[in-house]
Amino acid sequence: MPPQLANQPRSYPVAVVAIGGNSLIADKHKVAVSYQWEAVRETARHIVALIREGWTVLVTHGNGPQVGFIMRRNELAAAEVHATPLDLIVADTQGSIGYMLQQALNNEFAKGLLYRRAFSIVTQVVVDKADPAFQNPTKPVGSFMDEAQAKQMEAEGWTLVEDAGRGWRRVVASPEPKQVFEMDAIAAAVNNGWIVIAGGGGGIPVAYNWKGEVEGVAAVIDKDRLSALMAINVQADLFIISTGVERVAINFNKPDQQDLAQMSASEARQYLADGQFPAGSMGPKIESVLRYLDNGGKKAIITNPPNLRRAMRGQTGTLVLPD
């Protein structure tokens, strides 16, 4: 396993920005690639605004909807072509979304005469084959569907869950990320001021076989948990989770919903214990923020892409601070 680099000299403060797969699709009725390009370019503009203010950014991204699209294409084309294994689907989305992000970011740099460069690193993440997640699929992938569609998918052998009142989604195994195989290259690039896109979709899940070689496994690693691990490894000064909501809320989607501008790590932990943050939506994000803060992290922000810059200025978003 390559060394995990940290505490290396660098000229800029580092922010890890984790972009949710659903935040790359602004409208569930407009999911075509052309619309995804619009969302990516908009997100790139907000990331570049942070870079203009002196930050080096390590970008991670989700891929849930995109993985679901590829899975569905596999099903529809099953009589004509071979199916794509899940680890290769994750790799495919790392390439396609990474390409979109790096192109959009580099175009923004060129327009603003900003001498920075972005590039993507195909990222493998080591998991344990004995992880209990393989016996209990929980990670939502694919687009939302209504109950009738969900029942049809269940009949085809999928496990589905209702996701925070937003509809039904397929779920797959989500093992814990143990190590980032390419972490040395990622950390070296970040420490030298490059804008790196890595860990897409939580990374390509791999495990060691009896010969000591890594090989892909059928799973999807939670993007936010992997992002927290990377933020810890590069000793990031800030961890931002960019998702589909402007602020974290308790009593979500209820008459007494309360948006949170700020909370301490202990407050976040208590809300999590009280069941305020479901496992299929906000729960992994809060858990990931807590991991980062518990391992020396300075501060974390959860917000949506249009509000990244305002959240950095304390005008919106949810700020989470160590105790």
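Is there a residue in region 73-80 that is hydrophobic (A, V, I, L, M, F, W, C) and at pLDDT 85 or above?
No: region 73-80 contains no residue that is hydrophobic (A, V, I, L, M, F, W, C) and at pLDDT 85 or above.
Counting only residues that are of a type in the set (A, V, I, L, M, F, W, C), part of a helix (DSSP H, G or I) and touching a residue at least 24 places away in the same chain (Cβ under 8 Å), how many does region 78-127 have?
The number of residues fulfilling the criteria is 10.
Find the helices (runs of 4 or more DSSP H) located wholly in region 128-240 whose residues include 2 or more that are surrounded by 20 or more Cβ atoms within 10 Å (Cβ to Cβ) and modelled with pLDDT of 85 or more, and list them.
The qualifying helices (runs of 4 or more DSSP H) are 183-191, 223-233.
Quick one: is I221 in contact with a helix residue (DSSP H, G or I) (Cβ under 7 Å, 6 or more places away or on another chain), free of Cβ contacts under 8 Å to residues at least 40 places away in the same chain, of a type in the set (A, V, I, L, M, F, W, C) and on the phi < 0 side of the Ramachandran plot?
Spelling it out, it is not the case that I221 is in contact with a helix residue (DSSP H, G or I) (Cβ under 7 Å, 6 or more places away or on another chain), free of Cβ contacts under 8 Å to residues at least 40 places away in the same chain, of a type in the set (A, V, I, L, M, F, W, C) and on the phi < 0 side of the Ramachandran plot.
Of everything in region 297-316, what is closer than 17 Å to M263 by Cα and either part of a strand (DSSP E or B) or in contact (Cβ under 8 Å) with a residue 24 or more places away in the chain (or both)? Give them in sequence order.
G297, K298, K299, A300, I301, I302, T303, A311, M312, T316 - these are the residues of region 297-316 that are closer than 17 Å to M263 by Cα and either part of a strand (DSSP E or B) or in contact (Cβ under 8 Å) with a residue 24 or more places away in the chain (or both).
Give all pairs with beta carbons closer than 7 Å in which a residue from region 43-67 that is on the phi > 0 side of the Ramachandran plot meets a residue that is modelled with pLDDT of 90 or more; count only pairs at least 6 apart in sequence or on separate chains.
Correct list of pairs: G54/P13.
Look through region 106-127, keep the residues that are surrounded by fewer than 17 Cβ atoms within 10 Å (Cβ to Cβ) and among the small types (G, A, S), and return whichever of them is modelled with the highest pLDDT.
Taking the candidates together, the pick is A110.
Each row is one residue, and each column tells you yes or no for (1) under 23 Å from K139 (Cα atoms); (2) aromatic (F, W, Y).
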{"site": "R169", "(1), (2)": "yes, no"}
{"site": "F181", "(1), (2)": "yes, yes"}
{"site": "A187", "(1), (2)": "no, no"}
{"site": "I195", "(1), (2)": "no, no"}
{"site": "A219", "(1), (2)": "yes, no"}
{"site": "L229", "(1), (2)": "yes, no"}
{"site": "F239", "(1), (2)": "yes, yes"}
{"site": "R247", "(1), (2)": "yes, no"}
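Quick one: what pairs do we get from region 10-21, first residue in contact (Cβ under 8 Å) with a residue 12 or more places away in the chain and within 22 Å of T243 (Cβ to Cβ), second hydroxyl-bearing (S, T, Y) and not in a strand (DSSP E or B), C-beta under 7 Å, 6+ apart or different chains?
As it stands, the answer is V16/S227; A18/S227; I19/T43; G20/T243, since those pairs meet every condition given.
Every residue in region 9-51 that is more than 12 Å from L105 (Cα to Cα) and among the basic types (K, R), please.
Those that are more than 12 Å from L105 (Cα to Cα) and among the basic types (K, R): R10, K28, K30.
Looking at region 241-259, which of its residues are crowded, with 24+ Cβ neighbours inside 10 Å and hydrophobic (A, V, I, L, M, F, W, C)?
I241, V248
For region 260-295, enumerate the residues that are touching a residue at least 60 places away in the same chain (Cβ under 8 Å) and either farther than 23 Å from I221 by Cα or of a type in the set (S, T, Y) (or both).
S281, S288, Y292, listed by residue number.
The values are calculated or read from the model by the stated rules, or taken from the named source; none is laboratory data. Just so it is clear, the structure is predicted and the values come from calculations on it, not from any experiment. Note that each Cβ is placed from the backbone with ideal geometry, even for glycine, and that neighbours are counted across all protein chains shown.
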